[in-house]
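The values are calculated or read from the model by the stated rules, or taken from the named source; none is laboratory data. In this text the structure is predicted, and so the values were computed from the model without any measurement. FYI the Cβ positions are ideal-geometry reconstructions off the backbone, even for glycines, and counts take in every protein chain you see.
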Amino acid sequence: MKFTCERSVLLKEISIAQEIISSKNAISILSNVLLEAENDTLTIKATDLKVNFETKVPVMVLEAGSTTVFCDKFLGILSSIPEGELDFEQTENKIVIKPSYKKIKFQLKSIASDKFPEFSVSSDVLSFEFPVKEFKEMVNQTVFAVSDDETRYFMNGVFFEKQGDFLVMVATDGRRLAFIQKNVGSSIPDFTGVIIPPKVLNIVTRRAGDQGLVNLGVTDKSIFIRFGSYQLSSVLIEGQFPNYRRVIPESQSFFFNVNRFEMLEALKRVSLFRASS
């Protein structure tokens with residue numbers, strides 16, 4: 001395998017791949033990122049066996065091939081090299097990385113790509129498109145309330161469903177509940193409510209822009225997400241999400257409007273005297 005690529009392009013994608021990889025991996029190959037060069041395209045894959053990631057970037061391929069390298073070390077190398085074109089060459093069990101016009105060279109141990117687990121980030125299930133900006137808004141207004149109590153695993157994610165004409169996201173840790181819904185009419189097909197792990201949702205909010213659409217496909221076991229050149233899939237959390245509608249009053253007698261900035265400033269002041277516990 002031999003290819004040339006802009007450092008900035010590859011650095012961005014490997015940074016995302018590193019977000020996928022778990023620091024608790026018991027299997028060494030899961031700490032690696034897969035690189036596959038063919039037809040002037042570099043395919044990059046990463047997985048922790050629950051969340052899968054794939055993207056493609058344009059490169060100049062001189063010799064097709066594939067390999068895997070330790071993602072954290074690879075990211076560190078890319079971060080330390082000056083901006084510009086980089087040459088990559090796979091030789092036996094290592095990959096050589098060097099800037100095209102600088103006297104710098106790194107050698108990084110590689111593991112054969114056939115050791116990397118196979119996974120799918122696409123599915124033939126019915127999918128739908130939704131404005132990515134609105135999807136990110138829904139995630140940002142709910143994911144903070146996800147519980148980290150592993151004994152209540154069914155609350156360790158964001159509940160996502162379609163109720164009538166509304167797309168709904170809900171999260172709760174048992175003390176607080178965050179709820180948001182968007183009117184989508186009949187433009188989105190009905191699907192059974194699912195519990196999505198926050199890891200995959202946080203990647204979307206951090207990495208997706210505010211323009212365009214996100215493509216979502218839901219099965220009873222997985223969710224598939226596509227935006228831009230990125231494809232993600234994640235195993236869903238099993239279990240029965242609490243009946244959140246029971247704790248939301250159907251009618252409310254009292255309402256008030258408040259200036260958001262002034263309210264936040266007031267909360268900051270009074271929070272100075274809250275109990276440390």
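Let me spell it out: the conditions are (1) of a type in the set (A, V, I, L, M, F, W, C); (2) under 18 Å from Ser28 (Cβ atoms); (3) modelled with pLDDT under 95, and Ile104 meets all of them except one. Which number is the exception?
(2)
Go through region 170-224 and give me each residue that's of a type in the set (Gly, Ala, Ser) and under 18 Å from Gly157 (Cβ atoms).
Correct list: Ala171, Gly174, Ala178, Gly193, Gly217, Ser222.
Quick one: which strands (runs of 3 or more DSSP E) lie wholly within region 1-58 and hold at least 2 residues that are under 22 Å from Lys221 (Cβ atoms)?
The strands (runs of 3 or more DSSP E) meeting that bar are 41-47, 51-58.
With the checklist (1) surrounded by fewer than 18 Cβ atoms within 10 Å (Cβ to Cβ); (2) within 21 Å of the chain's Cα centre (by Cα); (3) not polar (S, T, N, Q) in hand, flag the one item Val184 doesn't pass.
Failed condition: (2).
Across region 84-94, what is the number of residues that are touching a Ser or Thr at 6+ places or on another chain (Cβ under 6 Å) and in contact (Cβ under 8 Å) with a residue 60 or more places away in the chain?
Residues flagged as touching a Ser or Thr at 6+ places or on another chain (Cβ under 6 Å) and in contact (Cβ under 8 Å) with a residue 60 or more places away in the chain within region 84-94 amount to 3.
Being crowded, with 19+ Cβ neighbours inside 10 Å, modelled with pLDDT of 95 or more and in a strand (DSSP E or B) narrows it down to one residue among Phe88, Phe74; which is it?
Just a single option satisfies the conditions, and that option is Phe88.
Take region 133-170 and flag every residue that is more than 20 Å from Thr219 (Cα to Cα), outside any loop (DSSP other than H, G, I, E, B) and among the β-branched types (Val, Ile, Thr).
Val143, Thr151 - these are the residues of region 133-170 that are more than 20 Å from Thr219 (Cα to Cα), outside any loop (DSSP other than H, G, I, E, B) and among the β-branched types (Val, Ile, Thr).
Please report, ordered by residue number, the strands (runs of 3 or more DSSP E) entirely within region 171-277 with at least 2 residues that are in contact (Cβ under 8 Å) with a residue 24 or more places away in the chain and under 27 Å from Thr151 (Cα atoms).
177-183, 194-196, 222-227, 230-235
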